[in-house]
Amino acid sequence: MSEEELKQSRRLKLKFNLEDLRKMKGHGTELVTVYLPPDRQISDVRQLLQNEHGQAANIKSKGTKKNVQGAIESALSTLNNYKTPGDRGIAIFVGAIIIGNNKTRMINITIDDPPEEIQSVRYRCDSTFELDQLEEMLIEKASYGLFVIDRSESCYGLASGKKIHVQEYLPSQVPSKHGRGGQSAQRFERLIEEAAHNFFKKSAERACNYWLPLIKDMKGIIIGGPGATKDYVVNGNYFHHEIQKKIVATRFDVGYSNESGLRELVENAGSVMEEIELDAERKMVDKFLIEVIKPYPKAAYGEKFVRDALNQGAVETLLLSENLRKQIVNLECKQCSHQWFATINLTDLLPKCANCNSGDDDIIEKNSISLVDELSELASRASGKTVLISTDTEEGATLYSGFGGIAAILRYPMS
């Protein structure tokens with residue numbers, strides 16, 4: 001798997017974790033968040049947590065004190081599994097979350113392979129988890145080229161995530177209309193059109209020279225302006241042929257052709273950017289659906305059949321619905337020492353022991369992994385690609401409702 005594919009896989013796992021973590025609430029300030037960047041020692045954070053454990057002994061509420069100290073002890077136990085923070089750091093989220101009917105469940109979610117480096121040490125104890133450092137890692141880095149133009153000025157740049165980069169503003173030297181008549185009018189009109197042509201050519205060439213080295217990471221180029229000039233420039237083949245292929249069909253009217261125009265362009269084109277993202281998902285699901293109806297399909301769906309295909313190394317692309325939220329949990333009963341695995345949602349009550357029927361405080365959650373993480377890991381081992389499919393399109397909704405949210409495009413048909 002390439003480094004870019006690995007990063008996308010890490011982003012996918014992080015997205016699922018954050019969606020779950022955002023929903024979790026605790027009674028009072030009982031949820032513990034710990035961030036450890038790659039340039040700090042495990043021992044430093046262990047010492048910090050030990051100090052906080054001692055401070056928690058002063059909490060007046062017995063229930064809160066028990067839960068906070070239990071969360072800190074769980075975080076310390078997690079740190080004992082690591083010798084170093086790794087290349088990008090570790091984030092630990094642990095505490096007793098509310099799961100309904102005034103009941104709580106102790107959870108421990110550890111993110112030890114984030115897509116980017118954690119920036120600073122952080123410890124916080126609150127009623128919710130602190131997610132800011134990880135949220136920033138999910139800002140979409142794929143970019144869109146931006147270009148606004150009219151006869152008096154032009155501006156171009158790049159939109160990436162929530163940031164707009166203005167590369168260059170170009171005022172034109174195109175003369176305005178004049179009042180002369182006769183042959184002078186025709187001559188001046190030719191000069192004006194020649195100056196406009198040169199300005200359009202210069203603006204497009206400058207923008208193309210900037211975009212071409214970045215074109216692999218660009219999802220589209222969005223054109224705007226206050227008048228008809230934008231359409232004339234696009235239709236007049238002023239852009240490099242590779243850039244021309246990336247220009248989106250819809251062009252936008254904006255009030256200016258300067259930096260303000262670029263910002264207005266991004267505001268107006270938000271729906272188009274989202275549609276480009278969704279279109280790639282539609283094509284992927286359509287490819288799967290076409291395979292499914294063939295006599296010997298290179299496709300599989302449902303957890304059991306996809307898991308079999310993954311174990312055989314037959315999966316080329318794993319398709320997982322963003323609504324898939326199951327966890328595979330390793331459980332142990334304190335009463336009879338029975339161990340088993342269960343597939344449940346993070347906010348579900350832990351199941352009773354099938355051996356002695358014990359429940360609640362007698363059931364220990366030894367470890368867990370999300371179904372998405374497990375299947376993605378299996379795909380990664382076999383050099384397969386994992387794609388997260390939203391339910392914002394008809395195709396994405398069909399994948400979830402009709403195929404259980406788990407499907408795969410295979411390298412070869414399986415009997």
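Conditions (1) at pLDDT below 90; (2) basic (Lys, Arg); (3) surrounded by fewer than 18 Cβ atoms within 10 Å (Cβ to Cβ); (4) more than 30 Å from Leu378 (Cβ to Cβ), marked per residue:
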| residue | (1), (2), (3), (4) |
| --- | --- |
| Leu6 | yes, no, yes, no |
| Ser9 | yes, no, no, no |
| Leu14 | yes, no, no, no |
| Met24 | no, no, no, no |
| Pro38 | no, no, yes, no |
| Asn51 | no, no, yes, yes |
| Val68 | no, no, no, yes |
| Ala71 | no, no, no, yes |
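Out of (1) out of contact with any strand residue (DSSP E or B) (no Cβ under 7 Å at 6 or more places or on another chain); (2) crowded, with 17+ Cβ neighbours inside 10 Å, the odd one out for Leu371 is which?
(1)
Counting just the residues of the range 77-94 that are buried (at least 18 other Cβ atoms within 10 Å of the Cβ) and touching a Leu at 6+ places or on another chain (Cβ under 9 Å), which one comes out farthest from Leu134 (Cα to Cα)?
So, considering only residues that are buried (at least 18 other Cβ atoms within 10 Å of the Cβ) and touching a Leu at 6+ places or on another chain (Cβ under 9 Å), the one farthest from Leu134 (Cα to Cα) is Leu79.
Are there any pairs, at least 6 apart or on different chains, whose C-beta atoms fall under 6 Å, with the first in the range 314-341 and assigned by TED's automatic domain parsing to the domain that holds Glu395 and the second modelled with pLDDT of 90 or more and among the β-branched types (Val, Ile, Thr), and if so, which?
Pairs that qualify, where the first residue is assigned by TED's automatic domain parsing to the domain that holds Glu395 and the partner is modelled with pLDDT of 90 or more and among the β-branched types (Val, Ile, Thr), are Glu316/Ile409; Thr317/Ile409.
So, Tyr400, is that one surrounded by fewer than 15 Cβ atoms within 10 Å (Cβ to Cβ) and of a type in the set (Ser, Thr, Tyr) or not?
Criteria not met by Tyr400.
Given the criterion surrounded by 16 or more Cβ atoms within 10 Å (Cβ to Cβ) and among the charged types (D, E, K, R), identify the matching residue among Lys246, Lys283, Lys334.
Lys246
I'd like the full set of residues that are of a type outside the set (D, E, K, R) and at pLDDT below 85, limited to the range 312-327.
Asn323, Leu324, Gln327 - these are the residues of the range 312-327 that are of a type outside the set (D, E, K, R) and at pLDDT below 85.
Just checking, which of Ala299, Ala269, Ala280 is of a type in the set (Gly, Ala, Ser) and modelled with pLDDT of 95 or more?
Among Ala299, Ala269, Ala280, only Ala299 is of a type in the set (Gly, Ala, Ser) and modelled with pLDDT of 95 or more.
Yes or no, residue by residue, for (1) without any contact (Cβ under 8 Å) to a residue 12 or more places away in the chain; (2) in contact with a helix residue (DSSP H, G or I) (Cβ under 8 Å, 6 or more places away or on another chain):
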| site | (1), (2) |
| --- | --- |
| Glu30 | no, yes |
| Thr33 | no, no |
| Asn51 | yes, no |
| Leu79 | no, yes |
| Asn101 | yes, no |
| Ile111 | no, yes |
| Pro115 | no, yes |
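For residues that are assigned to a strand (DSSP E or B) and either farther than 24 Å from Leu21 by Cα or of a type in the set (Ser, Thr, Tyr) (or both), tally how many sit in the range 370-406.
3
Does the range 235-279 hold any residues that are more than 22 Å from Leu212 (Cα to Cα) and under 19 Å from the mean Cα position of the chain (by Cα), and which are they?
Gly270, Ser271, Glu274, Glu275, Leu278, Asp279 - these are the residues of the range 235-279 that are more than 22 Å from Leu212 (Cα to Cα) and under 19 Å from the mean Cα position of the chain (by Cα).
Just checking, which of Phe288, Phe341, Phe305 is buried (at least 20 other Cβ atoms within 10 Å of the Cβ) and hydrophobic (A, V, I, L, M, F, W, C)?
Only one candidate qualifies: Phe288.
The values are calculated or read from the model by the stated rules, or taken from the named source; none is laboratory data. Just so it is clear, the structure is predicted and the values come from calculations on it, not from any experiment. Positions of Cβ are generated from backbone atoms using ideal geometry, with glycine treated the same way; all protein chains shown enter the neighbour counts.
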